[in-house]
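Here's the structure, in structure tokens; my notes come after.
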Amino acid sequence: MRTARAGIKGEYMGTENDRFNDWVVYQIYPRSFCDSNGDGIGDLNGIRQKIPHLLDLGVNAVWISPCYKSPNYDNGYDIADYRDIMDEFGTLDDWKRLAAELHANGIRLVMDLVVNHTSSEHRWFREARQSRDNPYHDYYIWADKPRNDWHSLFGGSAWEYNPATNEYYLHSFAVQQPDLNWENPAVRRECCDIVDFWTDLGVDGFRCDALDFIAKDFDRGRMLNGPYLHEYIHELFGREKVRHLFTVGECQSDEQTICDICGKTRDELKSVFQFEHIHLGRSDKYTPAPYTGDEIRNVLVKWQDFTAARDLNYILFTDNHDQPYYISRLGNDRARRCPGASRSATAYAAMFYLLRGIPFLYEGQEFGSANSRYDDIAAFNDVESVNYYHANEGKKPHDLLIREINYGSRDNTRRPMAWTDDPAHHFGFTTGEPWLPMPSRAAEINLARDLASEKSVYRFYREVLRLRASSDAVKDGVFRDLTRTPGSFVYSRTLGDEEIIVAVAFERPVSGILPADLTAAYRPVLMNLPTETPFSDAFSPFEVRVYRKNAAQ
Ligand code: NOJ
Ligand code: CA
């Protein structure tokens, strides 16, 4: 009987490069980024066209959400062929051209790796479901009757009946996403081969979807974090050929699991996303709850200290394709929005991205994109939202249901990018009809309009990233929490003689927050509210100021 991996001594110890401390990653949801051929769907050539945008912003890596062949029940997270590109997005040659052009511009490429499940249209599953003695049958997880009461994350039972074999298969996500059976060595080999295929094509890393789900724990009734999780991850990424790659796992992991997955001697992953700050301010996905900025700060301080003390990488992020915009949920995006700019967007830009860790930005975040409001379910596409709507239709008042969906739907961040200020042409996303309605606030929040504003969010992001790139204290320095007043977050990053101080107020005006020894030796280098008195200790709501001492340049 195999046991869970203990700490492994004498193996790969990591290298300097394992800190990835100069990486700034930008996540692209390809369907919604830029449509190059007028079919209303973003594509790989569209991404290629926007490389100048990425360079101008100051990112040096992209993570592309799945662009493989897929029937799109879950927008590419249901993969039918791991070695080919989705028709709407282009061809493998387009991908190669994109990869080459990104690399020629110094931008690394991180692919999404979805190996907890395949599409039900993948050849393996089409075979597997035909008969119990099909060679692929054991690639998936079967039971004569539902083995437990597990629920799919997208609603309903996690077990689906398959008439041909008179059995049920497990799907942690949509019915069209059957879970792979990682206990089968052949499945693990297939997954290693997929990683190798893209590694041979030159990718720089992988974002690993729902990685903790690959190990089930039937005995303890847990769908994830089963006993062999670490063995499986080690088998996938501990191999000589791929251990240099950047890897980030999507894992809902506690402190111990994070140490076990990311510890330098473990030879598993380089990092995981940690979601504690993302889950604040809501009682469930669809329901807001009271929160304070102090809670956000406390969570960030906790994880800064925890990861620094253990020399673990930490991912700095506020937005992705699964979460409504952070500034809409936790940044009071309407009240604090100045014409063409968002105060909380810039405050959070400096507050998050000058911390210790690897910045991840999500498309649209760089110009303060915010949630949409649509009253008709026809304006939504996300399988999770649509399932939720149908499961509750007639049970909850329509107004409440649609309010919940507007608040919690993943479509908020999946709506197409608003590049220009031209509603007649779908804000520059496509010359055709967009696959999903544009953000409802696109006329107010789009890149062109933002750039024309004195208080541009985009320019502020660019300054934050420039500061990061120019500062060893930001990339490598020690983090110290200097907060002394509730309603604020003040911290320093120090390396040798260089020091950066970041001071931000949350929802209310605060004063008396700056460190007492903030003297003329410190230079204000970044402010989101122009002031003649940058050392004044009175801060407006969501005002942020950054000071720098003894910069080399
Ligand atoms: C997590 C992904 O981020 C999400 O978009 C997807 O629906 C599920 N995993 C299933 O792959
Ligand atoms: Ca297209």
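Every number here is computed from the coordinates shown, using simple stated rules; none is lab data. Here the structure is a predicted model, which is why all the values come from computation and not from measurement. Cβ sites come from the backbone with ideal geometry, for glycine too, and all protein chains shown count toward neighbours.
Numerical summary
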quantity	calculated
Share of pairwise Cα separations in the stretch 496-553, more than 13 Å, in percent	58
R0 of 41 Å, Cβ-Cβ distance ALA378-ARG462: FRET efficiency to nearest 0.05	0.65
Full-extension gain in nm, LYS96 to ARG508, via 0.36 nm per residue minus C-alpha separation	143.4 nm
Size of the chain as Cα extents on the principal axes (Å, biggest first)	77, 60, 47
Net charge, ALA100 excluded, C-beta distance under 14 Å - Lys, Arg +1, Asp, Glu -1	0
Nitroxide proxy distance, nm - points 7 Å out along Cα→Cβ at LYS396 and ASN134	3.7
Cα long-axis angle, helix 383-392 against the chain (0 to 90 degrees, to the nearest 10)	80
Range of Cα positions in the stretch 251-386 per principal axis (Å), largest first	51, 33, 27
The stretch 164-308: equivalent-ellipsoid semi-axes (sqrt of 5 x gyration tensor eigenvalues, Cα, Å)	29, 23, 14
Residue order, fewest to most beta carbons within 10 Å, for MET111, MET527	MET527, MET111
Extended-chain gain in nm, criterion 0.36 nm per residue less alpha-carbon gap, HIS279 and THR431	51.0 nm
Within the stretch 248-275: backbone nitrogen closer than 11 Å to the ASP217 label point (7 Å, Cα to C-beta)	254, 257
Average projection area in nm² (convex hull over Cα atoms of the stretch 127-192, one quarter of hull surface)	4.5
Distance histogram for the stretch 387-544 (every C-alpha pair counted, 10 angstrom bins, percent rounded to whole numbers)	9, 24, 25, 22, 15, 4, 0
Cross-link pairs LYS396/LYS455; LYS302/LYS395; LYS145/LYS241; LYS69/LYS285 - those with Cα-Cα distance over 31 Å	LYS396/LYS455; LYS302/LYS395; LYS145/LYS241
Least to most buried among LEU211, LEU153 (fewest other Cβ within 10 Å first)	LEU153, LEU211
Per-residue Cβ neighbour rank within 10 angstrom, fewest leading, ARG466, ARG129	ARG466, ARG129
Rg(Cα) / (2.2 N^0.38 Å) computed for the stretch 361-405, rounded to two decimals	1.38
Full-extension gain in nm, HIS103 to LEU201, via 0.36 nm per residue minus C-alpha separation	34.1 nm
In nm, spacing of pseudo-spin labels at ASN184 and ALA309 (7 Å Cα→C-beta vector)	4.4
ASP481-LEU153 pseudo-label distance in nm [points 7 Å out on the Cα-to-Cβ vector]	2.8
